[in-house]
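Trainee: Sending over a structure as structure tokens; questions will come in a sec.
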Amino acid sequence: MSISKLEINILYDFFDLIIPSHENMPPASEVISEDEFEKFLSSTNKYDVGLSNLVSFIRKEPTARVMGGPMVVNEKQRADILVFMESIIPDDFSTLIETVYLLYYSKSEIHKKINWDTEEESEENKMEPFDPSILKNISKKTPFWKKV
Amino acid sequence: MPKNLPFVDIIIVGSGASGGACAWKLSESGAKVVLLEQGNWFDQNDYPGDSNDWEIVSKNSFSFNPNIRKLDSDYKILDENSDIHPLMYNAVGGSTHHWTAHTPRFHPSDFRVKTLDGVADDWPISYWDLEEYYDLNDVMMGCSGINGDPANPPRSPRPMPPLPLGKDGERIAQAADRLGWHWWPSDSYQASEDYKGRNGWNNKGTYASKKKWKSIASTDHTYITPAIQNGLEVRTNCAVQNVSVDNNGNLTGVIYVDSKGTQYFQEAGKVILACNGIGTPRILLNSKSKKFPNGLANSSGLVGKNLMYHPYASATGLFNENDLNYTLGPLANIIIVQEFYETDPKRDFLRGYSFQMNRSHGPAHTALGSGSGGVSLPWGKGHHDEFSKRFKKYLGLAIISEDLPELHNRVEIDENLKDKNDIPLPKIFYKTSQNTRKLLDHGLKSAEKLLREAGSYEVIKQPLIETAGWHLMGTAKMGVDPNTSVVNPECQTHDVENLYIIDGSVFTTSAAVNPTPTIQAIALRTADKILKG
């Protein structure tokens, strides 16, 4: 991982704009801690370049510079920066989206809220065996493969 | 200088679909066969199912893409000039550790495209030459399916019944019935019941289920383990640098490097390459000598040329009933539709395509675009609504197109960029053709029609799935004429008598179905031909 703690902190401030709260769904920061984000990034270098480019972009972004740095911009300004990054550097932006979505939707508390049950032995997750009666119509079709 | 190792009868390089099958067949003869694999043994308990973070793992260390995965066993593929990213897995068993196990056969017509449609070349062998080997492979790998498909010739009884279609599969099947279109339950090398020591899938859970993963055939279990009992020797973590010849151009063996960096020369009577449509031309192009300055077996100049992938497009249908759960069951080996498989003079393209039905993916994959044409769901205020609209409620039809061979689609090597074993990296050049584009566009329209008939209220189209380079074919073409092909009908190279190629490289054309059963049938047939002399 080539991203510093400060850079992680800068990116983490955008998490709740990416996934805000909605009805019973929590915002991203409620289920993903900053430490977790850091730990995840330390497990792979897949996102290093993209996220570093985003931080550089944020630091150079005019509003952030005028305000005195990315840490002091308000929520509306952060949202504008996200929109700007998405349009200007979409590939780098997608790395941030991938990390936030992956971490958010891998949390058990989110799985419960969206009713995602991977329990293998649950009877609710059982499929009925194949029933050949469904072949009734298609079996009447004349073979149409070319005899060559 | 490499360390010399005692002579063996046969070396097989690569232990995936073809290498495993060939090794088993040859091992029955009592010959001294050594299987070299650049990866390691794979523990099925390492499949990333069941845990909450399986989607993270599948996007990283268990990605299909070696450039993302970056395991010690992987080599980088320079694919910046390719419309499609090539995929593979390197371990004993190869990519059969990382596949849906959808296993249709080629049609008889697929071997005769020049005669039928005036395009590309006919294969020098026919469907009927491969039929007995398809049958044998279905038994060895364990095929779940059912006979009677009107789009294909009759075939031997399937060893196991089909996998469940599910309510979603039945929905698509009934819609196809109403349109009068072909459909059939997919042949699959996922076991629907206990089979040859492998537990059948218990019909419970999702794509992520570890039991589902373990019910899928991989050649380390189906072929290589029994071959070891016959005397096969497997050497893992061995990366082949080149195939060696003497001054007269006669094959002498291979040079490889093990995980400690030690270089060996393994003398052999025969060498069989089974490293896929990229790995095999990479070795051949790296095997330059005074006699073969352009790479081994390359007098035709066709090694690495004619790369075919099977370009995929996808149509995703959204359904709006409240109680849907279209995540249950395997992701893709469900139903195949071959209504548009053959050339139709009324269309503006040659050859055709199959539909392969897909299910809803997990939550993170859904958020990242698997139900929205490969485009991540919007962030911000609308995110949760878009997610609820899709999660568990979408079905896809993947359009798998016949990819016609073109010389400019190719694998080269970059002499300046090398892997940790000092082996030059493969560089890919690939552009989808106009014919493919027209074919995929037709497929998208047809797929929308079927999904709407099935009740979908919205259909999202993905014109080309760039991340779908599963099938690597054509880069060491089979043919009769040494000037226009690399191997003969027995998969022996025209230029070097004791050198054979058995992976997808040898495909003359690609057909419009998943290639693994055909690759394995060719590998078994080649082994048979070698044994019969």
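Trainee: Does A:PHE57 fit the bill of being more than 12 Å from chain B (Cβ to nearest Cβ), of a type in the set (Phe, Trp, Tyr) and either at negative phi or without any contact (Cβ under 8 Å) to a residue 24 or more places away in the chain (or both)?
Mentor: So A:PHE57 passes the test.
Trainee: When you scan region A:84-129, how many residues do you find that are within 7 Å of another protein chain (Cβ to nearest Cβ), among the polar types (S, T, N, Q) and more than 22 Å from B:LYS210 (Cβ to Cβ)?
Mentor: 1
Trainee: Quick check, is A:VAL148 farther than 30 Å from B:LYS214 by Cα, hydrophobic (A, V, I, L, M, F, W, C) and not in a helix (DSSP H, G or I)?
Mentor: yes
Trainee: Take the residues in region B:65-88 that are of a type outside the set (S, T, N, Q) and touching an Asp or Glu at 6+ places or on another chain (Cβ under 8 Å); name whichever of them is surrounded by the fewest Cβ atoms within 10 Å (Cβ to Cβ).
Mentor: B:LYS76
Trainee: It is to be established whether one or more residues within region B:461-470 are farther than 27 Å from B:ARG437 by Cβ and either under 20 Å from the mean Cα position of the chain (by Cα) or assigned to a loop (DSSP other than H, G, I, E, B) (or both).
Mentor: no
Trainee: Looking only at residues that are surrounded by fewer than 22 Cβ atoms within 10 Å (Cβ to Cβ) and touching a strand residue (DSSP E or B) at 6+ places or on another chain (Cβ under 7 Å) in region B:140-159, which one is nearest to B:LEU328 (Cα to Cα)?
Mentor: If we take residues in region B:140-159 being surrounded by fewer than 22 Cβ atoms within 10 Å (Cβ to Cβ) and touching a strand residue (DSSP E or B) at 6+ places or on another chain (Cβ under 7 Å), then B:ILE146 is nearest to B:LEU328 (Cα to Cα).
Trainee: Same structure, new question: Quick one: in region B:210-224, of everything that is closer than 27 Å to A:THR118 by Cα and among the hydrophobic types (A, V, I, L, M, F, W, C), which residue is surrounded by the fewest Cβ atoms within 10 Å (Cβ to Cβ)?
Mentor: The selected residue is B:TRP213.
Trainee: Which one of the conditions (1) more than 10 Å from chain A (Cβ to nearest Cβ); (2) without any contact (Cβ under 8 Å) to a residue 24 or more places away in the chain does B:ARG112 fail to meet, given that it meets all the rest?
Mentor: Of (1) more than 10 Å from chain A (Cβ to nearest Cβ); (2) without any contact (Cβ under 8 Å) to a residue 24 or more places away in the chain, only one is false for B:ARG112: (1).
Trainee: Where in region B:387-431 are the strands (runs of 3 or more DSSP E), entirely inside, with at least 1 residues that are touching an Asp or Glu at 6+ places or on another chain (Cβ under 9 Å)?
Mentor: Of the strands (runs of 3 or more DSSP E) lying wholly inside region B:387-431, those with at least 1 residues that are touching an Asp or Glu at 6+ places or on another chain (Cβ under 9 Å) span B:394-401, B:424-430.
Trainee: What are the residues in region B:38-97 that are under 19 Å from B:PRO515 (Cβ atoms) and of a type in the set (Gly, Ala, Ser), if any?
Mentor: If the condition is that a residue be under 19 Å from B:PRO515 (Cβ atoms) and of a type in the set (Gly, Ala, Ser), then B:SER82, B:GLY93, B:GLY94, B:SER95 are the ones that fit.
Trainee: Is it the case that A:VAL148 is surrounded by fewer than 18 Cβ atoms within 10 Å (Cβ to Cβ), modelled with pLDDT under 95 and facing another protein chain (nearest Cβ under 8 Å)?
Mentor: yes
Let's see how each residue does on (1) outside any loop (DSSP other than H, G, I, E, B); (2) over 27 Å from A:SER139 (Cα atoms); (3) away from chain A (no Cβ under 12 Å); (4) in contact with a helix residue (DSSP H, G or I) (Cβ under 8 Å, 6 or more places away or on another chain):
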{"position": "B:ASP138", "(1), (2), (3), (4)": "yes, no, yes, yes"}
{"position": "B:PRO150", "(1), (2), (3), (4)": "no, no, no, yes"}
{"position": "B:LYS167", "(1), (2), (3), (4)": "yes, no, no, no"}
{"position": "B:SER192", "(1), (2), (3), (4)": "no, no, no, no"}
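Trainee: Which residue, of B:TYR326, B:TYR341, is crowded, with 17+ Cβ neighbours inside 10 Å, modelled with pLDDT under 95 and either in a loop (DSSP other than H, G, I, E, B) or at positive phi (or both)?
Mentor: Among B:TYR326, B:TYR341, only B:TYR326 is crowded, with 17+ Cβ neighbours inside 10 Å, modelled with pLDDT under 95 and either in a loop (DSSP other than H, G, I, E, B) or at positive phi (or both).
Trainee: Hey, another quick one. Going through B:LYS438, B:LYS431, B:LYS449, B:LYS418 one at a time, which residue ends up being surrounded by fewer than 18 Cβ atoms within 10 Å (Cβ to Cβ), at pLDDT 95 or above, of a type in the set (Lys, Arg) and touching a helix residue (DSSP H, G or I) at 6+ places or on another chain (Cβ under 8 Å)?
Mentor: Of the residues listed, the single one that is surrounded by fewer than 18 Cβ atoms within 10 Å (Cβ to Cβ), at pLDDT 95 or above, of a type in the set (Lys, Arg) and touching a helix residue (DSSP H, G or I) at 6+ places or on another chain (Cβ under 8 Å) is B:LYS449.
Trainee: Which of the residues that make up region A:17-34 are more than 10 Å from chain B (Cβ to nearest Cβ), under 14 Å from the mean Cα position of the chain (by Cα) and over 19 Å from A:TRP116 (Cα atoms)?
Mentor: A:SER29, the sole residue that qualifies.
Trainee: Hey, can you tell me all the residues within region B:21-59 that are under 20 Å from the mean Cα position of the chain (by Cα), within 14 Å of chain A (Cβ to nearest Cβ) and in a loop (DSSP other than H, G, I, E, B)?
Mentor: Selection gives B:TYR47, B:LYS59.
Table: residues versus (1) in contact with a Cys (Cβ under 7 Å, 6 or more places away or on another chain); (2) in contact (Cβ under 8 Å) with a residue 24 or more places away in the chain; (3) within 22 Å of B:GLY20 (Cα to Cα).
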| site | (1), (2), (3) |
| --- | --- |
| B:VAL480 | no, yes, no |
| B:ASN483 | no, yes, no |
| B:PRO489 | no, yes, yes |
| B:ASN498 | no, yes, yes |
| B:VAL506 | yes, yes, yes |
| B:PRO515 | no, yes, yes |
| B:GLN520 | no, yes, yes |
| B:ALA527 | yes, yes, yes |
| B:LEU531 | no, yes, yes |
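The values are calculated or read from the model by the stated rules, or taken from the named source; none is laboratory data. None of the values given here were measured: they were computed from a predicted structure. FYI the Cβ positions are ideal-geometry reconstructions off the backbone, even for glycines, and counts take in every protein chain you see.
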